[in-house]
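The block underneath contains the structure these notes are about, expressed in structure tokens.
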Amino acid sequence: KFIPVKEDRFTFGLWTVGNPGRDPFGLPVRDGFSPVEAVHMLAELGAYGVNFHDNDLVPIDATPVEKQRIVSGFRCALEQTGLKVPMVTVSLFTDPIFKDGAFTSNDPRVRAYALQKTIESMDLGAELGAEVFVLWGGREGSEVDAGKNAVEAMKRYREALNYLCEYNLSQKYGYKFALEAKPNEPRADIYLPTTGAMLGMIATLDYPDMVGVNPEVAHERMAGLNFYHAVAQALEAGKLFHIDLNDQKMSRFDQDLRFGSDGIKEAFFLVKLLEDYQYTGMKHFDAHALRTEDRQGVIEFAKGCMRTYLILKEKVAQFNADQEIQALIAEMNGKKLELPDFDFKFSPESLKALQSYQVDRTAIGAEGIPYERLDQLTCEILFGVR
Ligand code: GCO
Ligand code: MN
Ligand code: MN
Ligand code: MN
């Protein structure tokens, strides 16, 4: 029970299980799993796929010959295990050249290199069958707003995204781009800090249908926002192309905790959303094992992410089948409006009906809504006592 299978579509990044436990204050504590080791380990655990940044696989200074050797070794591991590469991304944040941004840098030499590096990553991903290309603008932001015009930055961001969409079309790659928002870290302030901001930008692009979002639990939570609400908005807009699952305490540094390890109720409603609305994309764990762990701990971490998702999925089924819970929800959602010609769509008739509406404000205002009972029952399902 709770053993993942390929159909669950769980994926991990090479950078997640490859993480050696380095942080800004301390040195690596373990050998991260190498790309080939990660493929074998994840396949054994029942994951569907593995994702990577260009430089997780191929070092930035690799020669073409080295690149070929690395990629063919990696491909061989994929073929042996059947693991897929559903998503690829590009590091536009690690190298010093990107210290003041990539697509939004003031320096056109940097902006051109960022595009070049991204299209090369798209080529690499396409070679391995990737269908989603994630863009996380980790360095697109500022500390000193005096030096970087935020209006120009938006124009540059848009110009870069339009260029990449055109490239995608010109090569017939068929990628869907998924933009990942984060409010801060590594920059003091990152542009387009929330999923909602990304959705706003997407609507202004030349090919808005080609571009969606990759929301991450930790990122909305760092900003103190409700992740479930952000994902719901993206889903309703048809823009949930990918999702980064992890966990995070509110408004702290970027913690990348194991999925479902901190905000259990929020994780539950997230899983419920993805399951109830039959999200078919990848469920990607963008997290890493605690710095206390050795390599066995990394395996426990990866298993735990998937197992928790599957446990929550079972809790969702229990919640959806619980008669008392469903009766409360039906009660809350079952109110009737006695106003025959009014249907919430504007028309002269419905307007007339609306203007004649005689509401019993006091009576409706005095009606109780049993959220306390509903929430207690939800908690009891999660506590395992129901
Ligand atoms: C972070 C981000 C990254 C991105 C990754 C994919 O907080 O560091 O979540 O892990 O998801 O770069 O683009
Ligand atoms: Mn993150
Ligand atoms: Mn992170
Ligand atoms: Mn992420």
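Using the alpha-carbon atoms, what tilt in degrees (0 to 90, nearest 10) does helix 371-383 show relative to the longest principal axis of the chain? For 371-383 against the chain, the angle is about 40 degrees. Using only the alpha-carbon atoms, how far is helix 323-333 inclined from the longest principal axis of the chain? Give it as 0 to 90 degrees, nearest 10. Compared with the principal axis, the helix lies near 80 degrees. For the pair the range 326-385 / the range 286-306, the C-alpha centres are spaced 44 Å from each other.
Modelled spin labels at residue 79 and residue 237, positioned 7 Å past Cα toward Cβ, are 4.2 nm from each other. Cβ crowding within 10 Å, taken as a proxy for footprinting-reagent exposure, orders 15, 136 from fewest neighbours to most as 15, 136. If you take all other residues with their beta carbon under 12 Å from the beta carbon of residue 176, and give Lys and Arg +1 and Asp and Glu -1, the sum is -1. Listed values for the range 264-276 are Karplus-derived 3J(HN,Hα) couplings in whole Hz (6.51 cos²θ - 1.76 cosθ + 1.60, θ = phi - 60°), namely 5, 5, 5, 5, 4, 5, 5, 4, 4, 4, 5, 6, 4, and x replaces Gly and Pro.
Where only DSSP H runs of four or more residues are counted, the chain gives -14500 deg cm²/dmol as its mean residue ellipticity at 222 nm, each run worth -39500 (n - 2.57).
In the chain, the convex hull through the Cα atoms has an average projected area of 23.9 nm², a quarter of its surface area.
Taking the Cβ of residue 3 as the centre, find all other residues whose Cβ is under 14 Å away and add up their charges (Lys, Arg: +1; Asp, Glu: -1). Its environment carries a net charge of +1. Using a simple spin-label model with pseudo-atoms 7 Å out from Cα toward Cβ, residue 331 and residue 295 lie 5.7 nm apart. Result for the chain in a Gaussian network model with C-alpha springs under 10 Å: among 146, 230, 203, the largest mean-square fluctuation is at 146. Taking the number of Cβ atoms within 10 Å of each Cβ as an exposure proxy, the fewest-first ranking of 288, 229 is 229, 288. In this structure, the amide hydrogen of residue 179, modeled 1.01 Å from its nitrogen in the peptide plane, lies closer than 5 angstrom to those of 135, 212, 213, 214, counting only residues at least 5 positions away or on a different chain. Mind checking the range 310-386 for GluC sites (Glu not before Pro) that DSSP puts in a loop (not H, G, I, E or B) and that have at most 12 other Cβ atoms within 10 Å? Filter output for the range 310-386: 338, 367. For the chain, the longest principal axis of the C-alpha atoms and the axis of helix 150-171 are separated by about 70°. If we count every other residue with Cβ under 13 angstrom of residue 319's Cβ, Lys/Arg +1 and Asp/Glu -1, where does the sum land? Local net charge: -2.
Bear in mind these aren't lab numbers, they're just calculated from the coordinates by the rules spelled out. As the structure is a prediction and not an experimental result, all values here were calculated from the model. Here the Cβ is made from the backbone with ideal geometry for all residues, glycine too, and neighbour counts use every protein chain on show.
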